[in-house]
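Only one structure is covered here, and it is reproduced in the block below.
The values are calculated or read from the model by the stated rules, or taken from the named source; none is laboratory data. All figures in this text were calculated on a predicted structure; none of them were measured in a lab. All Cβ positions, glycine included, derive from the backbone under ideal geometry; neighbour counts span all protein chains shown. Just the protein is used for accessible areas: all its heavy atoms, side chains included, with ligands, DNA and RNA removed. Shrake-Rupley method; radii C 1.70, N 1.55, O 1.52, S 1.80 Å.
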Amino acid sequence: QNIHLVTKWLSSLEKKLEQHSEGSHQDFRVFISAEPAPSPDRHVIPQGILENSIKITNEAPTGMHANLHKALDNFNQDTLEMCTRENEFKSILFALCYFHAVVAERRKFGPQGWNRSYPFNTGDLTISVNVLYNYLEASSKVPYDDLRYLFGEIMYGGHITDDWDRRLCKTYLEEFIKPEMLEGEFLLAPGFPLPGNMDYNGYHQYIDDALPPESPYLYGLHPNAEIGFLTQMSEKLFRIMLEMQPQDTSMSEGGVVTREEMVKALLEEMLEKLLDEFNITELMAKVEERTPYVVVAFQECERMNILTSEIKHSLKKLDLGLKGELTMTSDMENLQNALFLDTVPESWIKKAYPSTDSLGTWFADLLTRIKELEAWTGDFSLPSAVWLAGFFNPQSFLTAIMQSAARKNEWPLDKMTLQCDVTKKNREDFASPPREGAYVHGLFMEGARWDAQTGIITDARLKELTPAMPVIFIKAIPADKQDIRSMYPCPVYKTRQRGPTYVWTFNLKTRENPSKWVLAGVALLLQI
């Protein structure tokens, strides 16, 4: 809506309320509903109205218990009796309520819950129940596939924009809505069976009696998921507190280092550690054949040069600003603040790679990346084990593996795929690269762990949030030769933010049903 019109209308409402505050009927009341403003400039309700009103907030429910009751609250005894196929209708309706509560509340687990946040609402649930009623009345057998498709791809799936989130939504429905739900005990979560045929109040009572206490298990997640999201919440809180500290630049009592001195020391140290940029022309002269790997190395050197020249340029300017030889600009102020607060400056982020690190860790990581590139461009022979996280563009390296194999074996590139064999060794155990493909190291698993002895994915250990993976041997094979039985297609992301940092899909061996790992949000990460 037009915010200016609203502001104007609210101020005239305030005057009207003042006029009618005296001499009106004693039961006269005005009810106003409002929603949270997306930003401070939208805080337009006049102070007078706020001060004179009784404020009631309607918080969204938290936890599975409250969410499941709230989902069921959309219906009543009449709903339960409206379908001639009473048993099937009630069972699927309850499973849908559980599904609705799970997808809504899973958001609290951050990117391990959903890659993106979606506005699932009660309309999705009530329309799904109407569809369920119509389909059951019209067909002699329960059309499970059709129902799951309508719920997962249209009603709820209509909100979903990420392919991995779509897979997650589909997997929940495959687990909750299937023929087995009417054949004896059927678990919606560990320790929570689907209830039998009850009346409306009976279902509410059943939730109170039977639902286990709140835990990530109710969503198919590992308890570590909770540790992860609580840790991130507290880190965010502390960062906000740090940013709110008074920023006084004068010399403080007792000769403590001032903010400016601290920034200056850090700036000098960084400039000292950053060496010359890569001389691309010189490097090109050394190369006899521009193989796919060599092309990747050049692209990486170019990207690194852009980043390091931005860092040097901005630090030198700030240095002159602090000495008083240049006028301080807002960009220089921002850079100074970032250095002081140990965060990566905005202008560097734009030319860098996704990262969630603080500045100190980020800069040390940058120097390691440069070192790896220097070693590789020394003689352009592929490192014995490649640090996949060290690339600006890891996809280009993985594609180069396929291009090399395609050239060597004269295979068409579009009919190829990557095969990932997890070895039992670490990077130190490799002295030379494989004849074909590459050994890659430095990946971590979130949501589960890799059992090197048995060579399969297995449950994570408590408090080990992102265990390191052994070296992975990646080679290109014709797509029709790949083994997809007992495999979990595992997404690889650059950081824990997941979502847009997606890199590739690695098929990993599993003895358990892959759906378990889908619900647990299992992924490989290049940095933690």
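Summed over qualifying helices (DSSP H, 4 residues or more, each -39500 (n - 2.57)) and divided by its residue number, the chain shows a 222 nm mean residue ellipticity of -14500 deg cm²/dmol. Per-residue SASA remark: Glu374, around 80 Å² accessible (1.4 Å probe; ligands, DNA and RNA not included).
Computed on the Cα trace of segment 383-527, the radius of gyration divided by the Kirkwood hydrodynamic radius gives Rg/Rh = 0.95.
Taking only the alpha-carbon atoms of segment 64-221, what semi-axes of the equivalent ellipsoid follow from 5 times the gyration tensor eigenvalues under a square root, in whole Å, largest first? Provide the component values of the computation, followed by the final result.
Values: eigenvalues 104, 72, 40 Å².
Each semi-axis is the square root of five times an eigenvalue, giving 23, 19, 14 Å.
Over the chain, what is the mean sequence separation of C-alpha contacts under 8 Å (at least six apart), divided by residue count, expressed as relative contact order in percent? Let's see the in-between values first.
On the way: 625 pairs, mean separation 65.6, N = 528.
For the chain, the relative contact order is 12 percent.
At 4 °C and 1.567 mPa s, grab the translational diffusion coefficient of segment 82-130 from Stokes-Einstein with a Kirkwood Rh over Cα pairs, rounded to a whole number in µm² per second.
Values: Rh = 12.1 Å.
The diffusion coefficient I find is 107 µm²/s.
Between Ser309 and Val6, take the C-beta separation as r, use R0 = 45 Å, and let me know the FRET efficiency to the nearest 0.05. For Ser309 and Val6, the calculated efficiency is 0.40.
Suppose the chain between Met262 and Ile127 were pulled fully straight at 0.36 nm per residue; how much longer would it get relative to their current alpha carbon spacing?
Values: separation 135, 0.36 × 135 = 48.60 nm, distance 5.97 nm.
Roughly 42.6 nm would be gained on extension.
Greater than 19 Å separation of Cα atoms is the criterion. Which listed pairs, Lys170/Lys415; Lys70/Lys178; Lys70/Lys90, meet it?
On the way: Lys170/Lys415 27 Å; Lys70/Lys178 24 Å; Lys70/Lys90 17 Å.
Beyond 19 Å between Cα atoms: Lys170/Lys415; Lys70/Lys178.
For segment 258-381, the carbon plus sulfur part of the accessible surface works out to 51%, probe radius 1.4 Å. For Ile349 and Thr281, what does the FRET efficiency come to when R0 = 35 Å and r is the distance between their Cβ atoms, rounded to the nearest 0.05? Step by step, r from the Cβ atoms, then E = 0.75. Surface composition of segment 8-159: carbon plus sulfur atoms contribute 51% of the solvent-accessible area (1.4 Å probe, protein chains only, all chains present). Taking the alpha-carbon distance from Lys317 and a cut-off under 24 Å, which lysines remain once sequence neighbours fewer than 8 residues away in the same chain are dropped? Leaving aside lysines fewer than 8 places away in the same chain, those within reach of Lys317 are Lys264, Lys273, Lys350, Lys351.
Would you mind calculating the gained length between Met82 and Gln419 on full extension (0.36 nm times residue separation, minus the Cα-Cα distance), in nm to one decimal? Let's see the in-between values first.
Working: separation 337, 0.36 × 337 = 121.32 nm, distance 5.25 nm.
That works out to 116.1 nm of additional length.
How high is the relative contact order of segment 258-381, in percent, with contacts defined as C-alpha pairs under 8 Å that are six or more residues apart? Intermediate values should be presented prior to the final figure.
Working: 74 pairs, mean separation 36.4, N = 124.
Contact order relative to length: 29 percent.
Given segment 88-170, report the % of alpha carbon pairs whose separation exceeds 16 Å.
Values: 1709 of 3403 pairs.
Beyond 16 Å sits 50 percent of the P(r) for segment 88-170.
D by Stokes-Einstein for segment 1-52, Kirkwood Rh over Cα pairs, 4 °C, 1.567 mPa s: 104 µm²/s. The peptide list 287-298, 204-215, 392-403, 45-56, put in order of mean Cβ contacts within 10 Å with the highest first, becomes 392-403, 287-298, 204-215, 45-56. Would you list, by chain and number, the aspartates and glutamates whose Cα falls below 13 Å from the Cα of Lys312, excluding same-chain residues fewer than 8 positions away? In chain and number order, the partners are Glu268, Glu269, Glu272, Asp276, Glu277.
If R0 equals 45 Å, the separation of the Cβ atoms of Asn337 and Asn513 corresponds to a calculated FRET efficiency of about 0.35. Partners of Lys408 within straight-line reach, counting lysines whose Cα lies under 26 Å from its Cα and excluding those fewer than 8 residues away in the same chain: Lys286, Lys475, Lys481.
Computed over the chain, the Cα gyration tensor eigenvalues convert (square root of 5λ each) into semi-axes of 48, 40, 20 Å, ordered from largest to smallest. Leu373 exposes around 10 Å² of accessible area when a 1.4 Å probe is run over every protein chain in place. Net charge of the neighbourhood of His204, taken over other residues with C-beta under 15 Å away and scored Lys/Arg +1, Asp/Glu -1, is -2. Normalised per residue, the accessible area of the chain is 55 Å², obtained with a 1.4 Å probe and no contribution from ligands, DNA or RNA.
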